[in-house]
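Peer 1: This is the structure I want to talk about, given as structure tokens.
The values are calculated or read from the model by the stated rules, or taken from the named source; none is laboratory data. All values reported here derive from a predicted model rather than from experimental measurement. Counting neighbours? That spans all protein chains shown, and the Cβs are built from the backbone with ideal geometry, glycine included. Heavy atoms of the whole protein, side chains included, go into the accessibility calculation; ligands, DNA and RNA do not. Shrake-Rupley method; radii C 1.70, N 1.55, O 1.52, S 1.80 Å.
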Amino acid sequence: LRLTGPEDAEEATNVIANADFERITTFAPAASLVDTLTWGYNSVVPDWTLGSLSGGNATGVSSCPGTRLTSTYKTSSGQTVLFVQVDGYAETTFALPARGWYRLDFTAFKRNLSSSPFGLLDVLVDGAFVGRIQVNRIDPRTFALRFPSPLAAGTHTLRFQGVLAPNATNPDANYDTMALIDDIRVTEDQSRLGENLVVNGGFETHDTLATG
């Protein structure tokens, strides 16, 4: 059995709203920080839900005008990036016009701090695991993930979930992991146009083989 998407697809269109985090309703910097332009915990970002599994301050946006680079991090593009720290998460919904193969691309980098040696993220769509990303560089780089199965037409939920990482020198504590994220894109996977959308279309995978 074979079901394929359109063969004549034009340039892929991003379906993520506020993908670069430049639209902010409320920027809420931590009052204890000297550089209040840096970490906006509990900020309100249109089209996104920010929070943490433990209920603490772990997710927000970081604002840095193009000429104001701090020693803490480097920006990717524009003035604002998302940050996900320890067990924080950021979640958004997106709508697809048709069933098909899709991919996720985003820029990520880590803080330039010895106490934050890397960022660790799980990526989920509709609650299903897509992949785990470890961010090791302070210079922005692009990460790409293919969704493992075709996505149906309609609304889906994308989530970046921070992962706790036990401290190698102090087993009773976790690293202060943080990943900074920008320029998120969900687009049609152009490399898979024409690929069969029917999973197990050849019936070669089965749980039980009955004879008779």
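Listed here are the residues, each with its yes/no results for (1) in contact with a helix residue (DSSP H, G or I) (Cβ under 8 Å, 6 or more places away or on another chain); (2) closer than 19 Å to Asp20 by Cβ.
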residue	(1), (2)
Leu96	no, no
Trp101	yes, no
Ser115	no, no
Leu121	no, yes
Ile133	no, yes
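Peer 1: Look at segment 91-120 and say how many of its residues are under 20 Å from Ile138 (Cβ atoms), part of a strand (DSSP E or B) and among the hydrophobic types (A, V, I, L, M, F, W, C).
Peer 2: 5
Peer 1: Which residues, counting only those in segment 123-158, are at pLDDT 95 or above, in a loop (DSSP other than H, G, I, E, B) and open to solvent by 50 Å² or more (accessible area, probe 1.4 Å)?
Peer 2: Of everything in segment 123-158, those that are at pLDDT 95 or above, in a loop (DSSP other than H, G, I, E, B) and open to solvent by 50 Å² or more (accessible area, probe 1.4 Å) turn out to be Asp126, Gly127, Ala153.
Peer 1: For Ala165, which of the numbered conditions (1) open to solvent by 60 Å² or more (accessible area, probe 1.4 Å); (2) farther than 21 Å from Asn14 by Cα; (3) over 14 Å from the mean Cα position of the chain (by Cα); (4) not charged (D, E, K, R) fails to hold?
Peer 2: (1)
Peer 1: Output the qualifying pairs, or none if there are none: Cβ atoms under 8 angstrom, residues six or more apart or on different chains, first residue in segment 119-137 and among the aromatic types (Phe, Trp, Tyr), second residue outside any strand (DSSP E or B).
Peer 2: none
Peer 1: Still on this model: Which residue pairs have Cβ atoms closer than 8 Å, lie 6 or more positions apart in sequence or on different chains, and pair a first residue in segment 155-168 that is free of Cβ contacts under 8 Å to residues at least 40 places away in the same chain with a second residue that is open to solvent by less than 40 Å² (accessible area, probe 1.4 Å) and not in a strand (DSSP E or B)?
Peer 2: From segment 155-168, the pairs are Pro166/Ala173; Asn167/Ala173.
Peer 1: Just need a number here: residues in segment 37-68 that are under 18 Å from Met178 (Cα atoms), modelled with pLDDT under 80 and either loosely packed, with under 14 Cβ neighbours inside 10 Å or aromatic (Phe, Trp, Tyr) (or both).
Peer 2: Matching residues across segment 37-68 total 1.
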